Structures are given as C-alpha cells and as structure tokens.
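Below you'll find the structure, written out as structure tokens, and then a few comments.
The values are calculated or read from the model by the stated rules, or taken from the named source; none is laboratory data. As the structure is a prediction and not an experimental result, all values here were calculated from the model. Counting neighbours? That spans all protein chains shown, and the Cβs are built from the backbone with ideal geometry, glycine included. Accessible surface areas use protein heavy atoms only, side chains included; no ligands, DNA or RNA. Shrake-Rupley method; radii C 1.70, N 1.55, O 1.52, S 1.80 Å.
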Amino acid sequence: MPPLKYRSVLAAAIAGLWIVSAAALAPPAISTTGEAALRVFLRQTVTSNAVPAVAVVVVNRDQQIFIDATGKRDVANNAPLTADAIFAIASMTKPITSLAVMMLYEEGKIRFDDPVTKYLPEYEGVRVLVLFNDADASFRARPPARPITIRHLLTHTSGIGYSFADARVARIDDGKKTQVEIPLLHDPGDRFTYGPNTAVLGSIVEKVSGQPLDVFLKTRIFDPVGMKDTFYLVPPDKHDRVVTLHVRRGTGLAELPIPAMAQSPVRGDGGLYSTAGDYGRLMQVFLNGGRTGVTPLVKEATIKLMTSNQIGRVFVVEQPSANAAIAKPFPFGGGKDKFGFGFQIEASPAQRGLRSVGSYSWGGIYNTHFWIDPQKQIAVAVMMQVRPYYDDAAINVLRGVERLIYQNIQ
C-alpha cells in the first residue's frame, strides 16, 4: 500500500477527475443572463410588430431548459399568448409521419427500396414532365426511368412537387387531378424537389398498418411520448388556446379569424396542431436515440438512419416561389445541405454563431421551425403563425433566437 501522503494525493486526483467528468456529463443549459436576453428579444419582436406572437422551447435530453411565449394569441380579441398555445404546425408533421414509417421498417413491414406501387398500385400510371406549354398549360410526359421508392419519398427525391414552389405544377394542378395525374418534375432519385411525398407515405402507413393515420400517430407516438396537445382536430375544450394566423399584406399583417372548429385533413405531410412543449418532447426522443424516458420508441440505429445523409451526392436545392403569398424561396442551405429520412441536415456552417454541423431540422409553412443539434445536445422549436413561409420578419426572429441560444448555452 502506498504511503498515506501518496494515498491522499491519489484520492484528491480521483476526486478531481470525477468533478471534471461530472461537469463534462452535465446536460447543457442556458445561462440566467441568456434566458433574460431571450425574453427581452422575444418581447421586442412583438412590441416592434415584427410578428404578433411567438413561442420558443429549448430542451436537452432530460428536461425543458427554456420556454417562453409572448404576444397575442388572438389580436382582435386581445387574448395573450401562453406557453400552452396551440399552433398549426403544417409541415412539421412530416418528421412525425417519417418516424411512423421507420417504425414499420423496424417491424419488417416496409423496406426503403420497395416501389410505391407495392402498396399503392395506382402509381403505375405516374409520368415525368417532358414539355410544358405556357400558353395553355398543356404538357407532354413519359414513363419514369425508375419506379418511385419509399426512399425517394422519405428524401424528397421522387420528383413530386408542390404547386406553391413550381409554377408549372400550379397550372397543371386544377384541384381535380389526383396526385398520380400530376407529372413528376424529374426522374425519381435524380435530385431534390420538395413536394407532398410524405402525404403518400401517410397513405402507405395506413395501408400497411391497417389503421387511419391519425390513430396510428396517436397510439404509437403521441401517447407514449406524452404529446397530449397534438392532433388534427383540436378538441372543443382546447379551442380557446389556438393561435390566429396572420398573412403579410404589403408592409402589414392581416389577421384571419380562427374557424369555429380547428381541424385539418388527416395527411402525412401536414395538418397537425401542436404546442411548443409537445414538440419539445418529440425532439427529446431524437436526442435520446429513440427513447422516451426509459421506453424505446425506435432503435438508436433507426434514429441514425433518419438523421444522416440519405441522398448521396445530391444536395438540398432552394425551392423557388410560385406563389409569394404562400412561400418565399426556401430553405436556407440550398446547394450545400443534405437530407435524411424526414430532415434537412446542416452540412457546413451557415453563419458563425448558429446551429452546429450535423444539426437536423425542418419547418411549417406558417413559420413554425425546429432544429435538433446532436453536437450541443439541445433542440429548439420556434413557433409563429405568419405567412408567407420564410417571411423576412419571421426569419429574423428565428435567427435572433438561434444566435442568443448559442451565445448563452453552457
């Protein structure tokens, strides 16, 4: 046994190592001054009329480390925004549907390279746009070089496009055509085009599981995660928590009244209502490698598949605006970022002081946004209800929140 003085030195060294190790393992948090700065910033955005209302939540693996809500939930009725306010999250539905697909993949019921026609035979009739006539919106199309697969749908590389992001689709889609009758914008797998791919995945989830999509999401995801305020139809007793939508008209905003029933069609690519807190709980599942608490929702390997590059040498491409009232060009990261199964992945720093490389994200058309940063072990959702998507003022709020978080994370 070493002499007493050496044993004392050894014990002190071990204790020091334990303290360093414990500090290294401590979950990230936002400093007190950082929290105060965030609250001041959010209130300034509202008082300056940048946006009428904004809610922000920040979580680490274990807990919610920041939440705030400021502004008016309903300006016309002078109703204040509260932290449990319910937002229409639109395309932030997509990662949830993608997670549902991955559950069926784990069960061996879906494979990534399965053709869509295995589940939805009508897609045998899909064609690729070859020529479009501006004069009368007539077009010529051909069979695709390869079939659309589950992988293509998960990565937005199928060629299916949205009308608000492509003027040709806007003119071809007269509201009477099925998705199959609207031509693909390119051969499946050739490049990234944002479109209603996840709506098709939602139909496949229903076909494979034998359940309506809303039932599957509630029983397999929302209930286990504790997302009690996430649904396609807001219950009557929660209706007074729904946030009104504002649309940009010139330099001002016009408020649209909340309908008597807050309800959206059940689709895989959008339609859900949720709260900042609920989406924070969902993001924690990803920070925890697929677990909610101690219960595994999916395997860690499945989360890695979802959040790693699944488009090879293809890049995310900025989508043009075919209807400026709905969306401005988006997303940031065009020409550099990658896409996983349901998420855009930060491939290189966008700007100094923002989210880390490897962070994964998406947003909803009413300017709800989120990102998950596996390097810093935090996740953030910024909820607004303003259109168009990528509205300048809303993006300034998003980036302002982001900078303050990274300046004050500890």
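How many of the residues making up region 203-262 are part of a strand (DSSP E or B) and within 30 Å of G290 (Cβ to Cβ)? Qualifying residue count, region 203-262: 2. Does F112 qualify as being closer than 29 Å to S203 by Cα, in contact with a strand residue (DSSP E or B) (Cβ under 9 Å, 6 or more places away or on another chain) and either surrounded by fewer than 18 Cβ atoms within 10 Å (Cβ to Cβ) or of a type in the set (K, R) (or both)? It is true that F112 is closer than 29 Å to S203 by Cα, in contact with a strand residue (DSSP E or B) (Cβ under 9 Å, 6 or more places away or on another chain) and either surrounded by fewer than 18 Cβ atoms within 10 Å (Cβ to Cβ) or of a type in the set (K, R) (or both). Can you say whether A141 is exposed (fewer than 15 other Cβ atoms within 10 Å of the Cβ), modelled with pLDDT of 95 or more and over 30 Å from R39 (Cα atoms), as far as the supplied structure shows? Here the answer is no, as A141 does not meet what is asked. Scan region 25-33 and give yes if some residue there is over 30 Å from T219 (Cβ atoms), open to solvent by 80 Å² or more (accessible area, probe 1.4 Å) and at pLDDT below 95, otherwise no. Yes, the conditions are met somewhere in region 25-33. Applying the set (1) within 14 Å of the chain's Cα centre (by Cα); (2) surrounded by fewer than 17 Cβ atoms within 10 Å (Cβ to Cβ); (3) aliphatic (A, V, I, L, M) to L256 leaves exactly one unmet item: (1).
What number of residues in region 179-196 are assigned to a loop (DSSP other than H, G, I, E, B) and open to solvent by 50 Å² or more (accessible area, probe 1.4 Å)?
Taking region 179-196 first, the residues assigned to a loop (DSSP other than H, G, I, E, B) are 182-183, 185-196.
Now narrow it down to the ones that are open to solvent by 50 Å² or more (accessible area, probe 1.4 Å): 190-191.
Result for region 179-196: 2.
Residues that are open to solvent by less than 10 Å² (accessible area, probe 1.4 Å), more than 20 Å from G334 (Cα to Cα), among the small types (G, A, S) and touching an Asp or Glu at 6+ places or on another chain (Cβ under 8 Å) are absent from region 156-167. When you scan region 42-78, how many residues do you find that are assigned to a loop (DSSP other than H, G, I, E, B) and either of a type in the set (S, T, Y) or open to solvent by 70 Å² or more (accessible area, probe 1.4 Å) (or both)? Qualifying residue count, region 42-78: 8. Of the set (1) farther than 25 Å from L282 by Cα; (2) out of contact with any strand residue (DSSP E or B) (no Cβ under 9 Å at 6 or more places or on another chain); (3) open to solvent by less than 10 Å² (accessible area, probe 1.4 Å), all apply to D136 but (3).
In region 275-292, the residues that are free of Cβ contacts under 8 Å to residues at least 12 places away in the same chain form Cβ pairs under 9 Å with partners that are β-branched (V, I, T), at six or more places apart or across chains, as follows: R291/V285; R291/V298.
Determine whether region 289-299 contains at least one residue that is open to solvent by less than 10 Å² (accessible area, probe 1.4 Å), part of a helix (DSSP H, G or I), touching a helix residue (DSSP H, G or I) at 6+ places or on another chain (Cβ under 8 Å) and on the phi < 0 side of the Ramachandran plot. No, because not a single residue in region 289-299 is open to solvent by less than 10 Å² (accessible area, probe 1.4 Å), part of a helix (DSSP H, G or I), touching a helix residue (DSSP H, G or I) at 6+ places or on another chain (Cβ under 8 Å) and on the phi < 0 side of the Ramachandran plot. Given the condition touching a Lys or Arg at 6+ places or on another chain (Cβ under 9 Å) and on the phi > 0 side of the Ramachandran plot, answer yes or no: does some residue in region 188-198 qualify? Yes, region 188-198 has at least one match. Against the numbered list (1) open to solvent by less than 60 Å² (accessible area, probe 1.4 Å); (2) closer than 30 Å to Q377 by Cβ, D223 comes up short only at (1). Residue check: D173 meets all listed conditions (1) touching a residue at least 12 places away in the same chain (Cβ under 8 Å); (2) touching a helix residue (DSSP H, G or I) at 6+ places or on another chain (Cβ under 8 Å) but one, namely (1). Of all residues in region 197-220 being in contact (Cβ under 8 Å) with a residue 12 or more places away in the chain and among the β-branched types (V, I, T), which is surrounded by the fewest Cβ atoms within 10 Å (Cβ to Cβ)? Filtering region 197-220 for residues that are in contact (Cβ under 8 Å) with a residue 12 or more places away in the chain and among the β-branched types (V, I, T), the one surrounded by the fewest Cβ atoms within 10 Å (Cβ to Cβ) comes out as V208.
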